[in-house]
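These notes concern the structure reproduced below.
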């Protein structure tokens, strides 16, 4: 492209160059003439070739024309005329043909090289163009990847927040709903049971009435069993959606959610992740729920503890063969040995507004994952709640890939 | 007292609970009738006996509390024992203000329910006694002549005979005569008793 930009005007300079070259050749021939027995015409070929090379076909042929005229005028007898004797014609023709060939070859060669260079330059241009295009695409791709990553992070944090909010609410609602469904047949069983006993006891024994009441008891028992079957079906529907998870990432997500609470309670938070912890096969949301529950318990335990350094520590370890251990240490009130026997029992709570479901549910979740959840406490100095999760070596795609 | 056999009405949408309560009530030798909804209860004929209503708060359609208000609107004063799965304080307060005798949370103990039914039936009996007395007093009042009724109004308003005579345009002796008739027909032994009877009949000075 750059070459085509050159003005046509330079063509004129090439014709001038052709004239100059022929003059130079003439001068050289004249200078050598006294020393040689016949006119030495080779410099003209040189002029033609150089003219053709530098200027292309036009200037080359122009050099041929000039050389022919000069040679005819000065060197072909009769000298100093443009006429040619028949005797000299073959010689002259040979000269002209040779000059023409030299000029044509030289210029053709030159233009071929020129075309080649042009092609190379164009290729370079295109390569550069494509390279920068690729660069742009790459940048766009990279931006997209980081966007997606951000979106994924946001999603996981939102999930953790959701787990936080719905923890107490859904639990309360589910418990209330199941309690109502179970209460109806229970009232029936108790009322009919009482009636049945009254018909069997006392002075007015009536076996027909007692039998009817007993039948109703059985019917209500079956109703209760149906409710339980429905509850079980519901639990089945919410079977854990397991995937290979990076435990540390799940912990970080939960920590990002409880940050405010930690700050508000003046607690210093320490996360001590183990190196090279293998991924676990678990349900992300359930794992978040367990962690959230243990961490919030720890925070509350320290909130009611007398002034002492408030430290919440989350550790992970490559535990026993094929297990990872996640531990939550707090420096709170600890658990008395009397309470220790009950803390994992449903509806047991030491908190004023607690439901007594958190640890019970956490333990069920961990056990459903094939792990164990237990507590160690030094009453008055804090407690450690820790659980294990089995490491699965299944060939499954990682969710966090 | 030769009163009719009392009757217990049970309104609960749960058949098993309904039948269980009915069985319990029968076991203490009380008559019982059961209904699955408020509408069923309202469209049934009620015998003229002391009665109480064992009523589930949470009924499909017309709720227990709505039924309670509907009965009041019709001037039916049947004592109610409420049953509920979950008692919140405002609901309980409202029901008790509107005349519920008891509020039991399911599941309840059998004795709790039977005691509540007993209390409700006693209340029903005393209500009926009072109404019967009032009826008797009304009947007696109806036996008075218009002039005697006017004299009674003056007497219970605390007016002297002379004043009553002047108002009615008659003699004091005639008033005295009417007054004696009133005391006799209303079976009042004294003036204070006549005043109490007038209060119950809501009779005031006719002028």
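The values are calculated or read from the model by the stated rules, or taken from the named source; none is laboratory data. Treat the numbers as computed from the prediction; the structure is a model and nothing was measured. Here the Cβ positions follow ideal geometry from the backbone for every residue, glycine too, while neighbour counts run over all protein chains shown.
Looking at the range A:266-322, which of its residues are assigned to a strand (DSSP E or B) and closer than 25 Å to residue A:379 by Cα?
Hits for the range A:266-322 are A:268, A:269, A:270, A:271, A:272, A:311, A:312, A:313, A:314, A:315, A:316, A:317.
I'd like to know if the range A:174-182 contains one or more residues that are surrounded by fewer than 17 Cβ atoms within 10 Å (Cβ to Cβ), over 24 Å from residue A:229 (Cα atoms) and modelled with pLDDT under 85.
No, the range A:174-182 contains no residue that is surrounded by fewer than 17 Cβ atoms within 10 Å (Cβ to Cβ), over 24 Å from residue A:229 (Cα atoms) and modelled with pLDDT under 85.
Listed here are the residues, each with its yes/no results for (1) touching a strand residue (DSSP E or B) at 6+ places or on another chain (Cβ under 8 Å); (2) at pLDDT below 75.
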| site | (1), (2) |
| --- | --- |
| A:342 | no, no |
| A:352 | no, yes |
| A:356 | no, yes |
| A:370 | yes, no |
| A:374 | yes, no |
| A:384 | yes, no |
| A:389 | yes, no |
| A:401 | no, yes |
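Taking the residues in the range B:5-36 that are assigned to a loop (DSSP other than H, G, I, E, B) and touching a helix residue (DSSP H, G or I) at 6+ places or on another chain (Cβ under 9 Å) as candidates, determine which candidate is nearest to the other protein chains (Cβ to nearest Cβ).
In this case the residue turns out to be B:14.
Among the listed residues A:93, A:18, A:27, which satisfies the condition of being surrounded by 14 or more Cβ atoms within 10 Å (Cβ to Cβ) and either over 60 Å from the mean Cα position of the chain (by Cα) or under 28 Å from residue A:115 (Cβ atoms) (or both)?
Values: A:93 fails: surrounded by 14 or more Cβ atoms within 10 Å (Cβ to Cβ); A:27 fails: surrounded by 14 or more Cβ atoms within 10 Å (Cβ to Cβ).
Exactly one of A:93, A:18, A:27 is surrounded by 14 or more Cβ atoms within 10 Å (Cβ to Cβ) and either over 60 Å from the mean Cα position of the chain (by Cα) or under 28 Å from residue A:115 (Cβ atoms) (or both), namely A:18.
Can we say residue A:210 is modelled with pLDDT of 90 or more, surrounded by 13 or more Cβ atoms within 10 Å (Cβ to Cβ), more than 10 Å from chain B (Cβ to nearest Cβ) and part of a helix (DSSP H, G or I)? Spell out how you get there, then give the answer.
Numbers: modelled with pLDDT of 90 or more: yes; surrounded by 13 or more Cβ atoms within 10 Å (Cβ to Cβ): yes; more than 10 Å from chain B (Cβ to nearest Cβ): no; part of a helix (DSSP H, G or I): yes.
Here the answer is no, as residue A:210 does not meet what is asked.
Tell me which of these residue B:203 doesn't satisfy, since it passes every other one: (1) part of a helix (DSSP H, G or I); (2) closer than 14 Å to residue B:148 by Cα; (3) in contact with a helix residue (DSSP H, G or I) (Cβ under 9 Å, 6 or more places away or on another chain).
Single failed check for residue B:203: (1).
Check off (1) in a loop (DSSP other than H, G, I, E, B); (2) in contact (Cβ under 8 Å) with a residue 12 or more places away in the chain for residue A:249 and give me the number that stays unchecked.
Of the numbered conditions (1) in a loop (DSSP other than H, G, I, E, B); (2) in contact (Cβ under 8 Å) with a residue 12 or more places away in the chain, the odd one out for residue A:249 is (1).
Please tell me if residue A:232 is under 30 Å from residue A:188 (Cβ atoms) and either without any contact (Cβ under 8 Å) to a residue 24 or more places away in the chain or part of a loop (DSSP other than H, G, I, E, B) (or both).
Against the criterion (under 30 Å from residue A:188 (Cβ atoms) and either without any contact (Cβ under 8 Å) to a residue 24 or more places away in the chain or part of a loop (DSSP other than H, G, I, E, B) (or both)), residue A:232 qualifies.
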